[in-house]
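Chemist: Quick one: the structure is below, and I'll ask about it shortly.
The values are calculated or read from the model by the stated rules, or taken from the named source; none is laboratory data. In this text, all values refer to a predicted model and were calculated from it rather than measured experimentally. Cβ placement follows ideal geometry from the backbone for every residue including glycine, while neighbour counts extend to all protein chains displayed.
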């Protein structure tokens, strides 16, 4: 687990509050104290509540209560409460609530996917892609992690993964396979991951020593053939599936005893139904 830095949070605040809150500055609210309670209207898995609480503190509010990330909060339950001057409460209000609406939806959706997988195939991992919101990778990764997912690939510098677009450099697949043998000797401490879309290609990749085969948009009949061949001949090769996988079809994929499901759906599942209550103290 990790937390976003103060620098990252201050940048987030500055985007919404470059100078001051014009609306509350026009009200007669000097020395008025208030409290905000952020609560959920649906069952959720909490994530990034530490960041929400820190935002409140950075805006001179006192955090009275918050639920730590990775915990479940049932419908109507409180996630965060903070108090302070009325004008400071308004500065922090939407910044904290919107952050939690996005993060808690990601973690809740990931948790629901993970639950479906574990009922059918406990050894299968839920892996999230690099397709996070632009400029918010660390936020998205933490939220997904809190829901039980693992990042499939944090960045281009971390993992060796050949996609279809990498094969265009070669005259044919045979030339590609030969170069993979050379590449594998260059990365003795790394796994060699290659995307495949067919049974024949997957067999050839196993034979040359590929560690992980990522099957993209594969049909179930082809997937079953690949898994059967792998189990009988190359049991140590890992099989991942990717491409359009979400809550509606993840159980079907997991039932084929694959090693991991790669998905972006946790990042485009909307916002949690979270609201807030403001009161003058």
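Chemist: Pick from 75, 131, 68, 81: which is closer than 30 Å to residue 186 by Cβ and not in a helix (DSSP H, G or I)?
Modeler: 131
Chemist: Quick check on my filter: what residues within the range 230-265 are in contact with a helix residue (DSSP H, G or I) (Cβ under 9 Å, 6 or more places away or on another chain) and over 20 Å from residue 191 (Cβ atoms)?
Modeler: Result: 244, 245, 246, 247, 250, 251, 252, 253, 254, 255, 256, 265.
Chemist: Next up: Select from the range 228-245 the residues that are surrounded by fewer than 18 Cβ atoms within 10 Å (Cβ to Cβ) and in contact with a strand residue (DSSP E or B) (Cβ under 7 Å, 6 or more places away or on another chain) and write down the one among them that is modelled with the lowest pLDDT.
Modeler: Per the criteria, the residue is 243.
Chemist: Tell me, which residue of the range 30-58 that is in contact with a strand residue (DSSP E or B) (Cβ under 8 Å, 6 or more places away or on another chain), over 30 Å from residue 113 (Cα atoms) and in contact (Cβ under 8 Å) with a residue 40 or more places away in the chain is surrounded by the most Cβ atoms within 10 Å (Cβ to Cβ)?
Modeler: Among those that are in contact with a strand residue (DSSP E or B) (Cβ under 8 Å, 6 or more places away or on another chain), over 30 Å from residue 113 (Cα atoms) and in contact (Cβ under 8 Å) with a residue 40 or more places away in the chain, it is 56.
Chemist: Here's another thing I want to ask about it. Could you identify the single residue in 218, 213 that is touching a helix residue (DSSP H, G or I) at 6+ places or on another chain (Cβ under 8 Å), touching a residue at least 24 places away in the same chain (Cβ under 8 Å) and either in a strand (DSSP E or B) or surrounded by fewer than 20 Cβ atoms within 10 Å (Cβ to Cβ) (or both)?
Modeler: 213 is the lone residue from the list that is touching a helix residue (DSSP H, G or I) at 6+ places or on another chain (Cβ under 8 Å), touching a residue at least 24 places away in the same chain (Cβ under 8 Å) and either in a strand (DSSP E or B) or surrounded by fewer than 20 Cβ atoms within 10 Å (Cβ to Cβ) (or both).
Chemist: Can you tell me which residue among 188, 134, 151 is at pLDDT below 95, touching a helix residue (DSSP H, G or I) at 6+ places or on another chain (Cβ under 6 Å) and assigned by TED's automatic domain parsing to the domain that holds residue 209?
Modeler: Result of the check over 188, 134, 151: 151.
Chemist: Considering only residues that are under 15 Å from residue 116 (Cβ atoms) and assigned to a helix (DSSP H, G or I), which ones fall in the range 224-281?
Modeler: 250, 251, 252, 253, 254, 265, 266
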